[in-house]
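Engineer: Can you keep this structure in mind? I'll have questions shortly.
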Amino acid sequence: MVSNSIAFIGLGNMGGPMATNLLKAGMAVTVFDLNEEVTKPLGDLGAVVASSMEQAVSEVATVVTMLPAGDHVRAVYLGDHNGNKGLLSLVNAGTFLIDSSTIDPDSARLVANEAHKNNLEFVDAPVSGGVAGAVAGTLTFIVGGSDSAFSKAQAVLKHMGKNIFHAGQAGDGQMSKICNNLMLGILMSGTCEALNLGIENGLDPKVLSNIMLQSSGRNWALELYNPCPGVMENAPASNQYQPGFMSKLMLKDLGLGLDAASNSQSPVPMGSLARNLYAFHNAQGNEELDFSSLFEYYQSGKSS
Ligand code: NAD
């Protein structure tokens, strides 16, 4: 098995550009996705396109997965009810396993435990930075796993990201990512609310944004991702809310936050409110729009 050989499973919006960066770094990449269409561009760039997961993961040093949710990750690693084998029973001894999907910490810990029983090392390594970060190779990775697994993960992840954090043990990468996105959902809701309040009371959103940026209301959304159209030229708000980070993904991540809070019986009143705002907003047909489109929810509230 060649040391720079990697199987990449899940070549969607994020996985496609991430695998492309591994190819650019000179890694020998084999790709597999249930949707053959998404693997074709990778084949054109020099990846081996596998016709089954078994074919993809046998004989590689590392497997990276980038899948929608916990159900998919459990099925891919552990097998499914249709009798399909999981990759834990398909890989060679010594294959290193990285899951970069955003999923519930319990599923990540389950897969890590099962991998350990098979003498395999696994890390959860969810990302922050979105499709733009995946394309640019500037993602932030948040890794959960042992110290030695973290070092191994760094050697691969550095080709796809800029910042690589070790959050703690198995599942802690997912938990950190969930806390971050709970905060992001709350920040974005609050930013939309404050800007809308100002506009409806006669303020210019550009002027108000500048004032808040130099005051105690300053936050990431205001600084880099203003949700009001026309304030920030490069933000999704000024491009018909094309994502970016889709509202349906924010709803998913806030749901993961609420599930975690339910497990630990932690109070999350702000996260619950943000989750419900996104649920209402998405139910109005906005789930494919960027998550900053929540601004329109506040505006439509005024007109209805
Ligand atoms: P996506 O739906 O575009 O891609 C997922 C891919 O996985 C699809 O191509 C699908 O066909 C494939 N897949 C599903 N089940 C499979 C299986 N059993 N075997 C092989 N392939 C399978 O999703 P995405 O936007 O790339 O997101 C992937 C993960 O990254 C999600 O967990 C998401 O929450 C997270 N994430 C996304 C963003 C973003 O901006 N898109 C940002 C940060 C994190």
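The values are calculated or read from the model by the stated rules, or taken from the named source; none is laboratory data. The structure displayed is predicted, hence computed values, not measured ones. Quick reminder, even Gly has a Cβ in these numbers, built from the backbone with ideal geometry, and neighbours come from all protein chains shown. Side chains are part of the model used for accessible areas, which takes the heavy atoms of the whole protein and leaves out ligands, DNA and RNA. Shrake-Rupley method; radii C 1.70, N 1.55, O 1.52, S 1.80 Å.
Engineer: Going by Cα centres, the stretch 106-128 and the stretch 5-50 are how many Å apart?
Structural biologist: Taking the Cα centre of each part, the stretch 106-128 and the stretch 5-50 sit 22 Å apart.
Engineer: Another question about this same structure. Could you calculate the contour length gain from residue 213 to residue 75, that is, 0.36 nm times the residue separation minus the distance between their Cα atoms, to one decimal place in nm?
Structural biologist: On the way: separation 138, 0.36 × 138 = 49.68 nm, distance 4.50 nm.
Full-extension gain reported as 45.2 nm.
Engineer: So, in Å, what gap is there between the alpha-carbon centers of the stretch 202-232 and the stretch 137-163?
Structural biologist: When both Cα centres are located, 33 Å separates them.
Engineer: Charges at C-beta only: +1 for Lys and Arg, -1 for Asp and Glu. How large is the resulting dipole of the stretch 175-299 about its Cα centre, in Debye rounded to 20?
Structural biologist: Once rounded to the nearest 20, the dipole reads 280 debye.
Engineer: Quick check: with the 1.4 Å probe, what order do 31, 2, 91 take by accessible area, largest first?
Structural biologist: Values: 31 0, 2 90, 91 20 Å².
The ordering from most to least exposed comes out as 2, 91, 31.
Engineer: Right, something else. Determine the dipole magnitude for the chain: charges of +1 sit on the beta-carbon of Lys and Arg, -1 on that of Asp and Glu, nothing else is charged, the reference point is the Cα centre, and the result goes in debye to the nearest 20.
Structural biologist: 440 debye
Engineer: With contacts defined as alpha carbon pairs under 8 Å and 6 or more residues apart, what's the relative contact order of the stretch 73-113 in percent? Write down the numbers at each step before the final one.
Structural biologist: Numbers: 24 pairs, mean separation 15.6, N = 41.
Relative contact order comes out at 38 percent.
Engineer: Shape call for the chain from the C-alpha gyration tensor, a ≥ b ≥ c root eigenvalues: rounded (a/c under 1.5), prolate (a/b greater than b/c) or oblate?
Structural biologist: The shape class here is prolate.
Engineer: How high is the relative contact order of the chain? Use alpha-carbon pairs under 8 Å, at least six apart in sequence, and give a whole percent.
Structural biologist: 12 percent
Engineer: Treating only the Cβ atoms of Lys and Arg (+1) and Asp and Glu (-1) as charged, compute the dipole magnitude of the stretch 2-169 about its Cα centre; round to the nearest 20 debye.
Structural biologist: Working: 9 positive and 15 negative charges, 89 e Å.
It works out to roughly 420 debye.
Engineer: Taking the Cα centre of the stretch 2-169 as the origin and placing charges on Cβ (Lys, Arg +1; Asp, Glu -1), which of 149, 13, 63 is farthest toward the positive end of the dipole?
Structural biologist: Sorting the options by dipole projection puts first 149.
Engineer: With no solvent and one equal point scatterer per Cα, compute the Debye intensity ratio I(q)/I(0) for the stretch 1-76 at 0.12, 0.17, 0.23, 0.27 Å⁻¹ and report its log10, rounded to two decimals.
Structural biologist: The Cα Debye sum returns log10 ratios of -0.27, -0.55, -1.02, -1.38.
Engineer: I've got another one for you. What percent does the relative contact order of the stretch 2-169 come to when contacts are Cα pairs within less than 8 Å and at least six residues apart?
Structural biologist: Taking the mean separation of contacting Cα pairs over the length of the stretch 2-169, I get 19 percent.
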